[in-house]
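Remarks on the structure that follows.
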Amino acid sequence: MNKTNNKLLGTSILLALSSSLCCILPLLALFGSASSTIALFTWIAPLRPYLLAATALLLILAFYRAYKHNSVTSSCNTDCKAKRSFLQSKTFLWIITVLTIVLTALPYYAPHLQKKNTTVYLSDHAQTTLAVFQIEGMTCSACEQHVNGSLQTQHGIKNVSTSYQNGEATVHFDSTQISTQEIQSIIERETGYKIIK
């Protein structure tokens, strides 16, 4: 392997990271204040298939270059092979490949990494109201969990069901404890997604 392969591997990692950025940011928002930056990267979601195809192509090219039988490398003596660094080894190629697979599969296992809060606050004389919020910017089930998690911890929220496919969150709440404007504000402030009015 040579430095060209290292560039291919670096590019494939960046593409894999970019393709899953829409799902990585909601996870980061759980640990910090990255929620406002989530909406900035929603434009990447439609490009995901192309980014994944480019990632696979670069990895295939890197494997071809690493494993092809080359007359130059076969005539290379043991001193030449000893000069190779770890970054130019086949082991590094496999590590990068596994990391790329982990990053590209993130949308499928990200919901399982998020804490699911099932706490529901009810009053004895609760007045149940139903509201459906149209949300822009959700791209995967991790986004659903992000919206659900931010709302389920609020007083007065009874039930939240979010669908990224439909771009909406259905909220059952006690209108004496929380208003639709407050719910909308919580969604926009804590998740970074926009409510379509």
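Computed from the coordinates by the stated procedures, all read-outs in this text should not be read as laboratory data. What you are looking at is a predicted structure, and each value in this text was computed from that prediction instead of being measured. Cβ: placed from backbone, ideal geometry, glycine included. Neighbour counts: every protein chain shown.
Some observations on this one:
- Relative protection proxy for 180-193, 85-98, from highest mean packing down: 180-193, 85-98 (other beta-carbon atoms within 10 angstrom).
- Amide H within-cut-off set for Lys194, under 5 Å, with H built and near neighbours excluded: Glu136
- Hydrodynamic radius by Kirkwood, which averages 1/r over all alpha carbon pairs of the stretch 142-197, in angstrom: 11.2 Å
- Amide H to amide H, with H built 1.01 Å from N, Ser175 comes under 5 Å of Gln127, Thr129, counting only residues 5 or more places away or on other chains.
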